[in-house]
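Scroll down for the structure; my scribbles are underneath it.
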Amino acid sequence: MLKFKKQWKFICLLLTALFLIIPSNASASNLSEKVENVPTNKEWKITFNNPVDKNTVNQNTIYVTNSQNVKQDVTYSINEKIVTVHPPSEGYELGQTYTLHITKAVSGMVNNQNKTLKQAIAKPFKITEGYSVVAIQPNGTSTKVANYETFEQANANLKSNQGIMQNGEYLKIPSGFVSTKVMTVYYGDPTFKKDYGGIAENNELAYVDSNEDYVKVNVAGQEMYVKHGDVKLTPAPNVKSYYSANSTGLYHYVYRPLSGKYDGAYLIGEKPTFMTNGEKYYSMDGINFYDANGKFVGKSYSYFQYMSPRVPTSYTAAQLDQYIASALQERQNSGAARYANATTKSKLKGLGNTLKTIEKEHRVNALFILALAIHESDYGMSCHAQYYNNLFGLNVPDHDDSCSSVVDKNSKKFFTSVEKNINDFISSINSTYFNPLKMDAFQYNGVALGNKMIGMNVRYATDPYWGAKTAGHMYSTDKKLGGKDYKKYQVGITTTEQVSVRTEPIVKNNPSNRAYQYLVYGSIKRLDKMPITISNTPSENLDWYRVISELSTSGTDLYTVVDNVEIVPTH
């Protein structure tokens, strides 16, 4: 009897040919497991422990059949212990299932005796589907048109309203949206070397284009690249998330593609003047809006989303406490279990003085801090807020946000008081996210809440709407307190690269009067689109804007040339 190796392995991931090492003591069921996604030019190599008798290798002893049990015109080469089964000259057919048969008639010499195989082997395998061109119907269903061995061949034969699929997944669609299946990194280049930020799973992005290597998507108005393995392509006339306004303001309805459901709408701010109540509008960046027919209807920036957090709020500590008490009472009255006893348990209670003190010491708007604490800690009632005095999830990464009432006081996420947590948090963002003197740090993308292209949202949160949601809390709070902060300043966006911000309305180079410049050599950051808040103190030189300083150490106004900034409409 032939002695065979006691283990068999698939190594097709490493080599172009599959080595089948057949054991004498393996069960037939183990050897008959189906192999998927086999290439059309697959060579099977069967390795024995002893030399094979060439005369026993033929179309009747080792052969391949298709799903109709028709033998294929394969050929063989034999080298001592290895039998290689070569594919038919035209290759195997895409998407078809075949079976490799090894009969008991195969023999070889073992200890000078001719021995045959103890058991026959039947190994099914399915050839890769290749690249299928499909016709996409208006309802999203598809029908196969043709199969091609390469993406290039499929793409060359693609017509309008057709897509390309492989193994049941779209690689290319005429239009539609892209769902993030996991936390998805988006890149500024198609080779995935320049990462820009991350987007949480179960979000949709607008599809732009794709090939078999990448998917080009629209992220907050900018074309970026993601990996096929991270996303799912869905053909559709438009994305499904939309904006709609009513008498109370502008709301965003976020669609979750993996569940097929919408989140509860969140309030962003005031309704832009070009919108009609009740109509649906679509926007990739929350700035440029289109109607249901794809017609551009207007451009407007959410005021609190792009206003500088360096400007102080108009409200006193007592007024902030008044709002906190009112908001907690509303939530407690809602009857929701998570807000039980909110008026006494919430870690936001009585924070007005702390917020105003930090605003003065660190130059970060107290209303901004409060809105962020509301959003991150669910009005001070989250587990981390309650048990760790942690309002902002500081030192709590998105991928490991577990929490329980069993407190580990040695954990970095634990703080001895809420006041310390707020101070540490603000110190952290002042040194990174809000530090124009460290623009090369990955966290810095402009001093504003922003979106996934500019502002704190780029790197701080994987939720692409984190900035808009926090701005919505600022708007709601301000509105309840009398609307003193809303549109108090003009907001601008830089119009060009390498904008300098100076200490006086004149260019001096020796010594330089440049406070900072939006410039990082070799960076893909959108430093040409930085948010700037215009000072309410008129400039003494009409060719220069007087602007709010981004520096945490000085509240003295700075200057930049008028042509460097576009004053934008806000809502």
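Residue by residue, here is whether (1) surrounded by 14 or more Cβ atoms within 10 Å (Cβ to Cβ); (2) of a type in the set (S, T, N, Q); (3) at negative phi; (4) in contact (Cβ under 8 Å) with a residue 60 or more places away in the chain holds:
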residue	(1), (2), (3), (4)
Pro39	yes, no, yes, yes
Asp53	yes, no, yes, yes
Asn60	no, yes, yes, no
Asp73	no, no, yes, no
Exactly one of (1) loosely packed, with under 15 Cβ neighbours inside 10 Å; (2) within 24 Å of Thr150 (Cα to Cα) is unmet by Tyr98. Its number? (1)
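Restricting the search to segment 113-141, which residues are touching a strand residue (DSSP E or B) at 6+ places or on another chain (Cβ under 8 Å) and either modelled with pLDDT under 90 or more than 28 Å from Glu212 (Cα to Cα) (or both)? Give the derivation first.
Applying the first criterion (touching a strand residue (DSSP E or B) at 6+ places or on another chain (Cβ under 8 Å)) to segment 113-141 yields 114-117, 120-137, 140.
Passing the criteria: Asn114, Lys115, Thr116, Leu117, Ala120, Ile121, Ala122, Lys123, Thr128, Glu129, Gly130, Gly140.
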Can you report the number of residues in segment 77-102 which are farther than 18 Å from Lys118 by Cα and either touching a helix residue (DSSP H, G or I) at 6+ places or on another chain (Cβ under 9 Å) or in a loop (DSSP other than H, G, I, E, B) (or both)? 12
Could you please give the count of residues in segment 541-559 that are charged (D, E, K, R) and in contact with a Leu (Cβ under 6 Å, 6 or more places away or on another chain)? 0
Checking Lys118, Lys123, Lys193 in turn, the sole residue that is surrounded by fewer than 18 Cβ atoms within 10 Å (Cβ to Cβ) and either in a strand (DSSP E or B) or assigned by TED's automatic domain parsing to the domain that holds Lys81 (or both) turns out to be Lys118
I want to confirm something. Restricting to segment 513-532 and keeping residues that are of a type in the set (Phe, Trp, Tyr) and assigned to a loop (DSSP other than H, G, I, E, B), which single residue is farthest from Asp557 (Cα to Cα)? Tyr521
Quick test for you: out of Tyr214, Tyr255, pick the one residue that is assigned by TED's automatic domain parsing to the domain that holds Tyr282, surrounded by 15 or more Cβ atoms within 10 Å (Cβ to Cβ) and either at pLDDT 95 or above or of a type in the set (Lys, Arg) (or both). Tyr255
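Have a look at Val57, Val110 and point out the one that is modelled with pLDDT of 90 or more and of a type in the set (A, V, I, L, M). Give the steps one after another, and end with the answer.
Values: Val110 fails: modelled with pLDDT of 90 or more.
That would be Val57, the only listed residue that is modelled with pLDDT of 90 or more and of a type in the set (A, V, I, L, M).
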Give me the pairs: first residue in segment 393-405 and in the same structural domain as Asn423 (by TED's automatic domain parsing), second residue among the aromatic types (Phe, Trp, Tyr), beta-carbon distance under 9 Å, and six or more apart or on different chains, which are they? Leu394/Phe415; Leu394/Phe425; Asn395/Phe414; Val396/Tyr388; Cys403/Tyr387; Cys403/Tyr388; Ser404/Tyr387; Ser405/Tyr387
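Does segment 276-299 contain at least one residue that is aliphatic (A, V, I, L, M) and farther than 25 Å from Ile567 by Cβ?
Among the residues of segment 276-299, at least one is aliphatic (A, V, I, L, M) and farther than 25 Å from Ile567 by Cβ, which makes the answer yes.
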Note down all Cβ pairs under 7 Å where the first residue falls in segment 347-362 and is in contact (Cβ under 8 Å) with a residue 12 or more places away in the chain and basic (Lys, Arg), the second is surrounded by fewer than 20 Cβ atoms within 10 Å (Cβ to Cβ) and assigned to a helix (DSSP H, G or I), and they're at least six residues apart or on different chains. Lys347/Gln386; Lys356/Ala317
Could you list all residues from segment 330-370 that are within 18 Å of Pro309 (Cα to Cα), small (Gly, Ala, Ser) and in contact with a Phe, Trp or Tyr (Cβ under 8 Å, 6 or more places away or on another chain)? Ala366
Apart from one, (1) surrounded by 15 or more Cβ atoms within 10 Å (Cβ to Cβ); (2) assigned to a loop (DSSP other than H, G, I, E, B); (3) modelled with pLDDT of 95 or more; (4) not hydrophobic (A, V, I, L, M, F, W, C) all hold for Asn430; the odd one out is (2)
Given the conditions (1) closer than 16 Å to Thr116 by Cβ; (2) at pLDDT below 90, which single one is not true for Ile62? (2)
Subset of segment 146-184 [among the hydroxyl-bearing types (Ser, Thr, Tyr) and either under 22 Å from Asn202 (Cβ atoms) or surrounded by 15 or more Cβ atoms within 10 Å (Cβ to Cβ) (or both)]: Tyr148, Tyr170, Ser175, Ser179, Thr180, Thr184
Taking the criterion of being crowded, with 23+ Cβ neighbours inside 10 Å, outside the structural domain of Ala515 (by TED's automatic domain parsing) and touching a Pro at 6+ places or on another chain (Cβ under 6 Å), would at least one residue in segment 368-378 satisfy it? yes
Of the candidates Lys508, Lys488, the one satisfying the condition of being of a type outside the set (Phe, Trp, Tyr) and loosely packed, with under 15 Cβ neighbours inside 10 Å is Lys508
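Residue under question is Leu267, and the condition is that it be of a type in the set (A, V, I, L, M, F, W, C), farther than 18 Å from Trp466 by Cβ and touching a residue at least 60 places away in the same chain (Cβ under 8 Å); does it hold? First the steps, then the outcome.
Numbers: of a type in the set (A, V, I, L, M, F, W, C): yes; farther than 18 Å from Trp466 by Cβ: no; touching a residue at least 60 places away in the same chain (Cβ under 8 Å): yes.
Spelling it out, it is not the case that Leu267 is of a type in the set (A, V, I, L, M, F, W, C), farther than 18 Å from Trp466 by Cβ and touching a residue at least 60 places away in the same chain (Cβ under 8 Å).
The values are calculated or read from the model by the stated rules, or taken from the named source; none is laboratory data. Just so it is clear, the model here is predicted, and its values are computed rather than measured. Counting neighbours? That spans all protein chains shown, and the Cβs are built from the backbone with ideal geometry, glycine included.
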